[in-house]
1. Going by what's in this entry, would S274 be described as hydroxyl-bearing (S, T, Y), surrounded by 15 or more Cβ atoms within 10 Å (Cβ to Cβ) and touching a helix residue (DSSP H, G or I) at 6+ places or on another chain (Cβ under 7 Å)?
2. Which one of these does L331 not meet: (1) buried (at least 17 other Cβ atoms within 10 Å of the Cβ); (2) touching a residue at least 60 places away in the same chain (Cβ under 8 Å); (3) not in a helix (DSSP H, G or I)?
3. Residue check, G37 against (1) closer than 30 Å to Y78 by Cα; (2) in contact (Cβ under 8 Å) with a residue 40 or more places away in the chain; (3) buried (at least 16 other Cβ atoms within 10 Å of the Cβ), all met but one. Which one?
4. Identify all residues within segment 94-123 that are at pLDDT below 90, in a helix (DSSP H, G or I) and of a type in the set (K, R); write none if there are none.
5. Looking at the structure I just gave you, is V112 touching a residue at least 60 places away in the same chain (Cβ under 8 Å) and of a type in the set (A, V, I, L, M)?
6. Go through (1) assigned by TED's automatic domain parsing to the domain that holds V143; (2) basic (K, R); (3) over 18 Å from F319 (Cβ atoms) for R227 and report which single condition fails.
7. Looking at P295, P252, which one is surrounded by fewer than 16 Cβ atoms within 10 Å (Cβ to Cβ) and either outside the structural domain of G364 (by TED's automatic domain parsing) or not small (G, A, S) (or both)?
8. Mind counting the residues in segment 118-142 that are exposed (fewer than 14 other Cβ atoms within 10 Å of the Cβ) and farther than 12 Å from L48 by Cβ?
Amino acid sequence: MLPVLVHLSFTSLWSQVLLYAVAAVVVGYVTVNGWRGAEGALDASTGLRAPASTQDRLLRAAGYGLVGAVLAWFGLQYSLPAGAFPGAKGEGIPLHTYGLLLALGFTTAVSVAGRLAQDEWRRLELKDGVWVDVEGPTKREQVMDMTVWILLGGIGGSRLLFVLVNWQDYARDWTQAFSLGGGLVFYGGLIGASAAAFLFARMHGIDFLRLADVCIPTVSLGQCLGRLGCFSAGCCWGDVAPAHAATAVHFPGSGVAQDLFGRLGQSSSLAYTSQLQDSRYVVEATGEIFHHAAPGAVRISDWVAQQGYTLGVYPTQLFESVGQLVLFVGLLYARRFRRFHGHVLALWLMAYAVLRSTVELFRGDVERGTLHGLLQALGAPDLAAAVPLEAWYNVSTSQFISLCMFAFGAVLLAQKGRRRGSEAASLGPTPSAA
């Protein structure tokens with residue numbers, strides 16, 4: 001586990017100047033991208049957009065530049081020491097492995113989705129004796145623009161679902177739902193990002209199901225890297241494994257985890273913090289958990305406090321990361337045989353639902369929301385007691401959503417499959433023909 005790669009501080013003058021320069025370059029890059037990605041009005045008869053005017057480019061560049069400047073302002077205010085920037089907090093920049101891998105997963109998924117979109121909508125025309133793709137690059141740029149919508153929708157949706165799952169923690173003070181603390185939920189992000197992508201597709205005259213077939217495999221690619229970030233942060237951990245289990249891993253507590261240069265940090269893994277508060281009992285040799293003292297069992301919190309790291313748990317983050325990579329490769333291959341728009345989307349919905357539900361069987365973070373916790377929150381402790389935390393039928397929120405998602409994918413596959421003949425001519429070039 002490597003929660004923080006390195007913590008950058010900006011106490012010297014040269015480092016402060018360098019940070020200012022980086023901020024200026026980032027704002028300039030964002031502004032230039034806004035200028036270059038501008039589009040003209042949409043022609044309803046052809047479905048294509050006219051070349052952007054100078055006014056279109058200026059307005060788009062100004063909007064992008066303003067967003068970049070605001071982000072740079074907050075970044076400098078957070079990172080620089082007092083006196084180097086108005087209202088500076090001097091926190092520096094801790095490079096968290098979790099955040100870096102999430103960002104890497106997102107940018108990788110976006111880049112691949114853009115390339116797939118260009119191949120999907122490739123339309124060649126002969127101009128001045130040269131074959132030119134007149135539609136593919138435009139669709140690629142539209143996918144790049146859509147990433148802003150997806151990012152905002154994904155963050156909003158993931159945060160909203162986290163608050164709903166843990167609503168009892170926010171009932172006393174709902175304003176905490178907007179605080180920087182707390183967590184995010186993948187399924188909430190998926191739902192929010194999907195809604196944002198649907199609105200974007202409608203506004204730009206793009207077939208949403210066709211767009212989804214192009215982009216949905218890259219969600220697994222991004223999640224493959226994102227789950228590695230979860231492993232580095234010690235979140236989304238697995239249930240307690242038997243002591244002899246070859247796959248068991250331990251997550252460190254405060255003062256144990258190191259950065260890239262071997263310096264000890266003061267932050268604990270989320271798994272350690274959770275087990276430190278766990279009052280249940282466990283038989284370390286077998287991983288069996290009890291709600292009361294039992295022969296050979298020790299209190300989980302006592303064991304963790306004494307050792308300074310967690311009990312051995314299943315690395316569910318790595319399980320899902322590998323599964324997502326397999327799913328990404330498999331769906332790219334399946335695109336060659338799709339029979340209708342939405343085919344790849346339906347396959348992903350069903351396959352990921354199975355993958356996620358399987359991984360959930362090995363999860364140990366009850367904070368993610370389960371039937372047991374829901375019954376307790378609803379004021380039914382007797383019913384909650386009949387559904388122990390470790391029971392196989394104590395389904396999690398994610399398993400319930402997976403069930404719904406699988407059903408939706410199956411219905412989409414069945415309904416669209418009946419009408420595949422009418423869409424066969426409009427599927428466009430497959431990756432093998434590109």
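1. The answer is yes for S274.
2. Result: L331 passes all but (3).
3. Result: G37 fails condition (1) only.
4. Answer for segment 94-123, where residues must be at pLDDT below 90, in a helix (DSSP H, G or I) and of a type in the set (K, R): there is none.
5. Numbers: touching a residue at least 60 places away in the same chain (Cβ under 8 Å): yes; of a type in the set (A, V, I, L, M): yes.
Yes.
6. The number of the failed condition is (3).
7. Numbers: P252 fails: surrounded by fewer than 16 Cβ atoms within 10 Å (Cβ to Cβ).
Residue meeting the stated conditions: P295.
8. Residues meeting the conditions: 8.
The values are calculated or read from the model by the stated rules, or taken from the named source; none is laboratory data. Note that this is a predicted model, so its numbers are computed, not measured. Because the Cβ atoms are built from the backbone with ideal geometry, glycine has one as well, and the counts that use them run over all protein chains shown.
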